[in-house]
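Presented below is the structure to which this report refers.
The values are calculated or read from the model by the stated rules, or taken from the named source; none is laboratory data. Values in this document were obtained by computation on a predicted structure and should not be read as measured data. Cβ placement follows ideal geometry from the backbone for every residue including glycine, while neighbour counts extend to all protein chains displayed. Ligands, DNA and RNA are excluded from the accessible area calculation, which covers all protein heavy atoms including side chains. Shrake-Rupley method; radii C 1.70, N 1.55, O 1.52, S 1.80 Å.
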Amino acid sequence: MEDQKQPGNISRVLVTGAAGFIGSHTCDRLLETGKTVMGIDDLSTGKLANLAGASGQDTFSFQQADVCDEPAIVDIFVDFQPDAVIHLAALVSVPIAENNPAENFRINVSGTQSVAQAAHLSGAERIVFASSAAVYGNSDALPLCEEEPVNPVNQYGMAKLEAENLLLGYEESHGLVTTCLRFFNVYGPRQDPSSPYSGVISIFAEHCRTGQAVTVYGDGHQSRDFIFVKDIARAVVASATNSTLSGGIYNLCSGKAKTLLQLLDALKEIYLDIPGPVFKEGRKGDIRHSLGDPAAAHAKLGFSTSTSFAEGIGELLASIQGQ
Ligand code: UD2
């Protein structure tokens, strides 16, 4: 006999981009909270090694699949019957999106369309989407609250905004409760430092560990609101699995900004002999300052960060020691 879904009981969660940096921490967190999890990933940038902890558990399963392959995705979703979907699969690099707009659109917009349709057809109640602070563009109204007008200045931000609207359309048409979480700059263990397009903290940490000079694009005074990946995973899981929460759009941020030069100073306290940075021209599509207001996520999702910057950096550095 087929399992009957019980509204409001979120026990089965499907995660796209499961083998990625944020996806794998999200799977770990879901499993810690007793959920049955299906991870999908096309393994183009994600790694099975990130799922080493999850894979050993009976309540976890994994399928290699591309979110843009809608028939395959629909089959997987309908077969698994998720109560909630967490959509993290994405092209995550601002400069890669800038240089490959069609690929950015294919993955970040069309891929989201496939996932929304599959979530709808499989009868999922809720979907949580990894949106981005990039939708705000270069606003001076810092810290940014969710009511701030959106004005993306790069292809990546435009695609994330399009995907938000697409999902909110599914909520309107089909009642799929939708939470768009606008991630600020996420860092922590498992963020691949080997790509020049990875997050700046991971790249700088790896360069410092191996004694190489870092490259600073621009003058180094640009600032970011950095948030630790396990804090993000906690917020994502709560948004997906707490059926008393209504959907909406929320910033996930720390509410504190650091410039790249301040980040380097923090690393210099740990790696005393690192060579000075090499300065290069600023990246096309780069935002100057990014700082979020975490008040709405706190008030409506009950979320606040629990990892200080020093603790987060410490955990990241411990994870890359001896690699
Ligand atoms: C990050 C996210 C993006 C999106 C956005 C939200 C990553 C990889 N990107 O984009 O997905 O959520 O935040 O606004 O997590 N930089 C250097 N040297 C380096 C690498 C970077 O100077 O070796 C600079 C870069 O030019 C930028 C800043 O560091 O000014 C941050 O770059 P990033 O790629 O870590 O993140 P961002 O803000 O472009």
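TYR271 to ALA295: FRET efficiency via 1/(1 + (r/R0)^6), r the Cβ-Cβ distance, R0 25 Å, to the nearest 0.05? Could you put the intermediate results ahead of the total?
Numbers: r = 35 Å, r/R0 = 1.41.
So, using R0 = 25 Å, E works out to roughly 0.10.
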- Over all Cα pairs of region 7-124, how is the pair count split among 5 Å bins, expressed in % and running from 0 up to the last occupied bin? 2, 13, 23, 23, 19, 12, 5, 2, 0
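Could you compute the FRET efficiency for ASP75 and GLU281, with r as their C-beta to C-beta distance and R0 at 45 Å, rounded to 0.05? Walk me through the numbers on the way to the answer.
On the way: r = 47 Å, r/R0 = 1.03.
Taking R0 as 45 Å, the efficiency between ASP75 and GLU281 is 0.45.
Determine how many Å³ per residue the convex hull of the Cα atoms of region 59-138 encloses. Intermediate results must be reported in sequence, preceding the final value.
Working: hull volume 8.3 nm³, N = 80.
Roughly 104 Å³ of hull volume per residue.
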- Item | Degrees separating the helix 260-270 axis from the principal Cα axis of the chain, which is the longest one | 80 degrees
- By how many degrees, 0 to 90 and rounded to 10, does the Cα axis of helix 155-174 deviate from the longest principal axis of the chain? 20 degrees
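Counting other C-beta atoms within 10 Å, and keeping those with at most 15, which DSSP coil trypsin sites (Lys or Arg not before Pro) do you find in region 41-148? Write out the running numbers ahead of the final one.
Values: sites: LYS47, ARG106, ARG126; in loops: LYS47.
The qualifying sites are LYS47.
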- Amide H contacts under 5 Å for THR178, restricted to residues at least 5 apart in sequence or on another chain and with H modeled in the peptide plane, are ILE127, GLY247, GLY248
- Query: In whole Hz, what ³J(HN,Hα) sequence does region 215-231 give by Karplus (6.51, -1.76, 1.60; θ = phi - 60°), x for Gly and Pro?
  - Reply: 9, 9, 8, x, 8, x, 8, 5, 10, 9, 9, 8, 9, 6, 4, 6, 5
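Give the average over all directions of the projected area of the C-alpha convex hull of the chain, one decimal, in nm².
Mean projected area for the chain: 15.7 nm², to one decimal.
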- Message: Just to be sure I follow the definition: excluding the sites themselves, where is the longest run in the chain that has none of the GluC sites (Glu not before Pro) in a DSSP loop with at most 15 other Cβ atoms within 10 Å?
- Response: 3-146
- Computed curve, region 110-236, Cα-only Debye sum without solvent term, log₁₀ I(q)/I(0) at 0.15, 0.16, 0.18, 0.21 Å⁻¹, is -0.85, -0.94, -1.10, -1.29
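Rg over Rh of region 191-323, using C-alpha atoms and the Kirkwood radius, what does it come to?
1.01
I'd like the per residue volume of the convex hull spanned by the Cα atoms of region 206-255, given in cubic angstrom.
Numbers: hull volume 5.9 nm³, N = 50.
About 117 Å³ per residue, rounded to a whole number.
Could you sort THR45, THR259 by their accessible area in this structure, using a 1.4 Å probe and putting the largest first? Numbers along the way, then the final one.
Values: THR45 115, THR259 25 Å².
Order by accessible area, largest first: THR45, THR259.
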- Determine the gain in length on full extension of the stretch ILE96-ASP219; use 0.36 nm per residue of separation and subtract their C-alpha separation, reporting nm with one decimal. 42.2 nm
- Task: Please give the solvent-accessible surface of VAL13 in Å², to the nearest 10, using a probe radius of 1.4 Å with every protein chain present.
- Result: 0 Å²
- Query: Based on the Cβ-Cβ distance of ALA141 and LEU121, what FRET efficiency does E = 1/(1 + (r/R0)^6) give at R0 = 41 Å, to the nearest 0.05?
  - Reply: 0.55
- Helix 200-209 axis, angle to the chain major axis (alpha carbon atoms, nearest 10°): 50 degrees
